[in-house]
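Below is a structure I'd like to ask you about.
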Amino acid sequence: MDHKLLADRLFPHINTTPEEMEARYPKRELPEGAKVTRMGPSPTGFMHLGNLYGALVDERLAHQSKGVFYLRIEDTDRKREVEGGVQMIIDAFKSFGLPFDEGATTDGETGIYGPYRQSQRAEIYQTFVKSLVQRGMAYPCFCTEEELAEMHAQQEANKENFGYYGKYAKYRDCELEEIERRIAAGESYVVRFRSPGSIENKVRHTDLVKGKLELTENDQDIVLLKSDGIPTYHFAHVVDDHLMHTTHVVRGEEWLATLPVHLQLFDVLGWKRPKYVHTAQLMKMDGGSKRKLSKRKDPELALSYYYQQGIPVPSVMEYLMTLLNSNFEEWRRANQTAPLDDFPFSTKKMSVSGSLFDMDKLHDVSKNVISRMSAEDVYDSVAKWSADNDPEFHELFVRDPEMTKQFLSIGRGGKKPRKDLALWSETKAYMDFMFDELFQPDYSGMPERAKADAKAILTEYQDVYDAQDEMTVWFDKVKALAERHGFAPETKLYKKNPEQYKGPVGDISMVLRVAICGRTNAPDLYSVMQLMPTEKIKARLAAACEAL
C-alpha cells in the first residue's frame, strides 16, 4: 500500500503539515507550575450542574497556579446542536462568575490559540489525520449502517466484544485500487484509526482523583473523521488539548472507559499526555438508595433552576466546593469571612466515589453565605431576582429602598448573624408584614399565659409607645407593663420564683410581636418598630385588640 498516495487521494485539499500546525500554536509563556485547563461544553441548549461542578475544578486549578482557564466549544456533533446554544453556554458561566481567560465569546473569541469552536478547526484535524494515513495509522472505512448492525449482531451471538477491531475491521487492509473505485463511485466513508493495541495488554495510568489505574489497552479502530470531514470527540479533543497546551483535563468519571483510546492517540501522535482529573458523579438519595442526578427526573440538575428558585450564585459555588474537597467545611469554619478564592483547592482532597447532592445541605450553606453578605448586596440581589420572578413583590420591595435595606440590616453582622434566608424567593415571606398589602396576621401565637391579659396589654401599650424612645427606654416600658399585669419584669426573676408570676417579660414582648408583625418569628422587635410609622403600629395594636 502506498500510504502517501492514499493520503493525497483522501485529502487533496490539505497542504499544511503537522509541523506547520505546531508552529501556529507556540508554547505558552507561563510561570513554573502554572496549569492550563479548559471547559469544553457542547451547545446542546442544556447547561447542567455537572458542567459547573467540573468547571469549578478547572478554574481553581488554573487560577490558583497563575495559569490559564479557557472556553472551547465542542460542536462537532451537529445533530445535537441547538440554535443559540453557544450563547446559552457563555451566559450560564458568566452568571456563575467563572472568569475565562480566553476562548469563545459572545461576539467572537479572545486568545491566540483559536479558533475556539471545533467546527471551525476542520483543516487542523484533517492535517493530522492525513499525516496518520501517510504513516499507515489511519484508513477509509466504507461500512454502511446495515453492515455495522450486522457485525454487532454477530458479535453478540458469539459473545464477543462489540466494536470495529481485528477480524471485524473489514476495510483495515483494503487495497488502494478498491478504495479509489469506491471513492470514484461516490460511496460515503469515514476515516478510522488503525489501533496498534491489544486487549491482552494493560495500560498503566495515574489519575489525579482515581489514583493508579490499570486499564485494558484499546484495540478498537475508532472513527477519527466522520463522513462530513468533521472529527469525533475522541480525536478532536486530543488534537486541541495538545495544540492549546492544556496541562490538565477535567471531566466526569463516565469518560474513564475511553481513556485508553485517548492515551493511545497521544502516544501515537508523539505528544505528551496531559494529566487527567476524572471527577466523581453527582448522586442523590432516592427511596433509600443512591442514583445519578437525572435530566428527566431532577430539575435541580439544570443551572437555570438555581436562579429561578433564587439560590444565590455564591451559595451554589460554596456548596459545590463542599462536595469537591473534603476539608473545605473545616477551612470555612476557621475562615468564616474569607472569600472562596482563598481556599487552597486540591485534587488530593476530591472524592473517589460519587458525591451526594443534598438540597437541604445546600440550603444550610446558603443561609450561612447570605448571613455574611451586606444588606446592600442582599437588597441588590433580591431586587434583581424579584424583577424577573415576582414583579408584584418587586414593586413593594423597591418602593422604599432605605427602609428595605435597614430591615435587611437587622441582625446582620457580628459573630452570630441571623440566618433567616436560604433563597431570595423566601424574602417575601420573611418581610411581608412590613407591607400592608401583604400583611395577613395570625394571632394564634399569643402566649397562653398572656392571652387573658393580651387585650388590656395592647390597649395600654398604645398610650405609652413613643417612637422617639431609645431601646433601653422602650424596653423599660415593656418591663413596666409586664409588672403591672403580674408578669416578671426580668427573666431571671421568673426563673427564680416562677410561682410568683403569670409568666416572664418575654410573654409581653411576644404579645406585642404577634400584634405588630402578625406572627411569632420576626427580627428584633424594637428595630422593626423603628422602621414603621407610629400610625401603622397603633393601627395594628388596635386591630389585634379587635380580633382578640
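The values are calculated or read from the model by the stated rules, or taken from the named source; none is laboratory data. Quick caveat, the model's predicted, so the values are computed rather than measured. Every residue, glycine as well, gets a Cβ built from its backbone with ideal geometry; the counts of neighbours run over all protein chains shown. In case anyone asks, the SASA skips ligands and DNA or RNA and just uses the protein heavy atoms, side chains included. Shrake-Rupley method; radii C 1.70, N 1.55, O 1.52, S 1.80 Å.
Could you list, in sequence order, all residues of segment 365-424 that are polar (S, T, N, Q), surrounded by 18 or more Cβ atoms within 10 Å (Cβ to Cβ) and touching a helix residue (DSSP H, G or I) at 6+ places or on another chain (Cβ under 7 Å)?
Ser366, Ser381, Ser386, Thr404, listed by residue number.
Here is a further query. Being crowded, with 20+ Cβ neighbours inside 10 Å and under 21 Å from Thr246 (Cβ atoms), is that true of even one residue in segment 74-85?
Checking segment 74-85: at least one residue is crowded, with 20+ Cβ neighbours inside 10 Å and under 21 Å from Thr246 (Cβ atoms).
Modelled with pLDDT of 95 or more, over 21 Å from Cys517 (Cα atoms) and either more than 26 Å from the chain's Cα centre (by Cα) or among the charged types (D, E, K, R) (or both), is that true of Asp400?
No.
Now, a different point. Could you list, ordered by first residue, the pairs with Cβ atoms under 9 Å in which the first is in segment 263-292 and closer than 28 Å to Asp240 by Cβ and among the small types (Gly, Ala, Ser) and the second is open to solvent by less than 30 Å² (accessible area, probe 1.4 Å) and assigned to a helix (DSSP H, G or I), at least 6 apart or interchain?
Cβ pairs passing all conditions: Ala280/Leu323.
To continue, here is another question. For segment 194-203, does any single residue satisfy the condition of being over 25 Å from Glu253 (Cα atoms), over 37 Å from the mean Cα position of the chain (by Cα), open to solvent by less than 30 Å² (accessible area, probe 1.4 Å) and not aliphatic (A, V, I, L, M)?
no
Given (1) modelled with pLDDT under 90; (2) touching a strand residue (DSSP E or B) at 6+ places or on another chain (Cβ under 6 Å), identify the lone condition not met by Asp107.
(2)
Answer yes or no as to whether Lys66 is free of Cβ contacts under 8 Å to residues at least 24 places away in the same chain, in a loop (DSSP other than H, G, I, E, B) and open to solvent by 40 Å² or more (accessible area, probe 1.4 Å).
Here the answer is no, as Lys66 does not meet what is asked.
Now for a different question. Filter segment 425-446 for residues that are open to solvent by 60 Å² or more (accessible area, probe 1.4 Å), within 19 Å of Met510 (Cβ to Cβ) and assigned to a loop (DSSP other than H, G, I, E, B) and give the result.
Across segment 425-446, the qualifying residues are Gln440, Asp442.
Restricting the search to segment 230-256, which residues are modelled with pLDDT of 95 or more, of a type in the set (A, V, I, L, M) and over 22 Å from Leu56 (Cα atoms)?
Ala236, Val239, Leu243
When you scan segment 190-207, do you find a residue that is in contact with a Ser or Thr (Cβ under 7 Å, 6 or more places away or on another chain), within 30 Å of Ile14 (Cβ to Cβ) and either in contact (Cβ under 8 Å) with a residue 40 or more places away in the chain or not in a loop (DSSP other than H, G, I, E, B) (or both), even just one?
Within segment 190-207, one or more residues are in contact with a Ser or Thr (Cβ under 7 Å, 6 or more places away or on another chain), within 30 Å of Ile14 (Cβ to Cβ) and either in contact (Cβ under 8 Å) with a residue 40 or more places away in the chain or not in a loop (DSSP other than H, G, I, E, B) (or both).
Can I ask one more? Is there a residue being touching a Pro at 6+ places or on another chain (Cβ under 9 Å) and either open to solvent by 10 Å² or more (accessible area, probe 1.4 Å) or hydroxyl-bearing (Ser, Thr, Tyr) (or both) anywhere in segment 228-239?
No: segment 228-239 contains no residue that is touching a Pro at 6+ places or on another chain (Cβ under 9 Å) and either open to solvent by 10 Å² or more (accessible area, probe 1.4 Å) or hydroxyl-bearing (Ser, Thr, Tyr) (or both).
What's the number of the condition Gly354 fails, among (1) within 18 Å of the chain's Cα centre (by Cα); (2) free of Cβ contacts under 8 Å to residues at least 60 places away in the same chain?
Looking at each condition in turn, Gly354 falls short on (2).
Could you list, in sequence order, all residues of segment 240-275 that are open to solvent by 30 Å² or more (accessible area, probe 1.4 Å) and among the aromatic types (Phe, Trp, Tyr)?
Listed by number, the list holds a single entry, Trp255.
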